[in-house]
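Working notes, beginning with the structure itself.
The values are calculated or read from the model by the stated rules, or taken from the named source; none is laboratory data. Just so we're clear, the structure is a prediction, and the values are computed from it rather than from any experiment. As a convention, Cβ positions derive from the backbone with ideal geometry for all residues, glycine included, and neighbour counts pool all protein chains shown. Heavy atoms of the whole protein, side chains included, go into the accessibility calculation; ligands, DNA and RNA do not. Shrake-Rupley method; radii C 1.70, N 1.55, O 1.52, S 1.80 Å.
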Amino acid sequence: MKKNRLARLGAGVGAIALSLLVAGCAAEGPADGSLPATDLPDGSVEARDIAIVYANRANSSGDLSVAAPYIEAAARGECYLVGVSADGKPQAFAGTFELNEENGRRRDAEVQKNIESVIGLNWSAQTEESDLFSALCAANSRLAEGNPDVPNLLIVIDSGISTAGPVNFTEEATREALLEPEALIATLRESGDLAKFENIDEVVWFGLGDTSGAQSDSEVAPNEGTKAALKIFYRTLFEAAGVELGDDQEVFRAGSGSAPAEGLPGVTVVDMPRIPLDENGNPVRLGDNVEFDELKSDGAIAFAYDSDALADEAAARDALKDHINQLIDFPTLKVVVNGYTDTAGDASYNLDLSQRRANTVKALMVDAGVPESQITAVGMGEDATYETDEQNRRVEIVLG
């Protein structure tokens, strides 16, 4: 049964001045074309029941202004609205928009008043830390009270760096899920924490990976590879919960970039692990092979002729920097450094040379701070996989 009043369940979520209907979203179609381009070809936003997961915290990097087109569409369509505070103890409110004016400027003014009422709430976090996973579950649960005849849209405005609950980036298991999401998701299933998000049809996420305040320091903020891995992780989580997402451009969007207000609850600063991007712009994760040959790396991983000495050690160290950081930040990660030569010369000699060259790369990484136990060096000998000798003279790093 739907609520016929707005339930204020959280101490930090102020009452909304909305008139409420027992019915859900009215079938009035999309909002007018004056809205920013978001969902529909004409630049309008489709009216849906919506759930907003957000909390203004010390490390917030955006505000609710990005959700205004969706709130407007929901208000015009007299839809159901759920709000969930994404803090350490997520709490929710819910209700249905009702418009008294039929059309014209008075109706527009009434819609605008509803938008301002929602955005103007006190969305400040009431507790330290962020339990984002529990907030997502709460949003799914409350959306069940809406109109079953219209789609439900989940709007998340958050960095995704949760610090409490089952998905907690201060814990090793969640950090490692950036390399292999399936392992953590299997754990969530086994514990009973991961249920079907059966009331979520679509997701739009603003500001994933974006931070401010202490979390935005270059030493702890997510790098580009980690941001890409966050998208993969949350996509995998939603799909495991039964929600099919659109492409990344449809789902993951920029936040407003506004700075948080003073005096908000603090959140543990997470030293986010660094993940490199491969040559195609994808995060390097478990099972990936990363190749460095004399052409692709502009000679950075190149050896002197008939030698295991690097032609330019400083260039090689710079080329391997992101992979070195990844190994340091993921202390349980193991890699194999495979060395290859071209087919010129004696095969047994080339096998020995490839081993010595793999040992050289391993020694460079250990010297840069990677524990020796994380790296295995293997000489693969000569190889003719590629057309040129420069490509066949290569080093591969295999994550596993």
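Odds and ends about this structure:
- Computed FRET value (nearest 0.05) for Lys296 with Asp248, which takes r as the C-beta separation and R₀ as 25 Å: 0.45
- Treating r as the C-beta distance of Val398 and Glu102 and R0 as 51 Å, the FRET efficiency rounds to 0.15.
- Debye log10 I(q)/I(0) for the stretch 55-199, one point scatterer per Cα, at q = 0.11 Å⁻¹: -0.49
- Protection proxy ranking, peptides 205-215, 365-375, average beta carbon neighbours within 10 Å, highest first: 205-215, 365-375
- A simple rule links phi to the HN-Hα coupling: the Karplus curve 6.51 cos²θ - 1.76 cosθ + 1.60 with θ = phi - 60°, which for the stretch 222-231 gives x, 7, 5, x, 5, 4, 5, 5, 4, 4 Hz, with x for Gly and Pro.
- Fraction of beta bridges assigned by DSSP in the chain that are antiparallel (%, nearest 5): 45 percent
- Less than 5 angstrom separates the built amide H of Phe303 from those of Ala311, all sequence-distant by 5 or more or on a different chain.
- Of the peptides 355-362, 245-252, the ranking by mean beta-carbon count within 10 Å, highest at the top, reads 355-362, 245-252.
- Working ranking of peptides 257-267, 376-386 by packing, defined as the average number of other Cβ atoms within 10 Å per residue, highest first, is 376-386, 257-267.
- With contacts taken as Cα pairs under 8 Å and at least 6 residues apart, the chain reaches a relative contact order of 15 percent.
- Cys137 sits with roughly 40 Å² accessible to a 1.4 Å probe, with DNA, RNA and ligands left out of the calculation.
- Stretching Asp288 away from Ala195 to a fully extended chain increases their span by 30.5 nm, per 0.36 nm per residue minus the current alpha-carbon distance.
- Heavy atoms of Glu116 accessible to a 1.4 Å probe, total area in Å² rounded to 10: 110 Å²
- Spatial extent of the stretch 149-245: Rg and Dmax, with the Cα atoms as the point set, Å: 13.9, 47
- Shape class for the chain: prolate, because the ratio a/c of the largest to smallest gyration tensor axis (alpha-carbon atoms, square roots of eigenvalues) is 1.5 or more and a/b beats b/c.
- Ellipticity estimate at 222 nm from DSSP helix runs (n ≥ 4, -39,500 (n - 2.57)) divided over the chain, nearest 500: -8500 deg cm²/dmol
- Close amide H pairs (under 5 Å, H built 1.01 Å from N) link Val156 with Val53, Val204, Trp205, Phe206, residues at least 5 positions away or on another chain.
- Here's the picture: a label point sits 7 Å out from the Cα of Ala347 along the beta-carbon direction, and within the stretch 301-315 nothing has its amide nitrogen under 20 Å of it.
- Distance from the stretch 43-115 to the stretch 119-182 (C-alpha centre basis), Å: 17 Å
- Each residue of the stretch 394-400 was assigned a 3J(HN,Hα) from its phi angle through the Karplus curve 6.51 cos²θ - 1.76 cosθ + 1.60 (θ = phi - 60°); the sequence is 8, 10, 10, 10, 10, 8, x Hz, with glycine and proline shown as x.
- Within the stretch 310-400, the ratio Rg/Rh, alpha carbon atoms throughout and Rh by Kirkwood, equals 0.99.
- FRET efficiency estimate (nearest 0.05) - Cβ-Cβ, Glu116 to Lys321, R0 41 angstrom: 0.25
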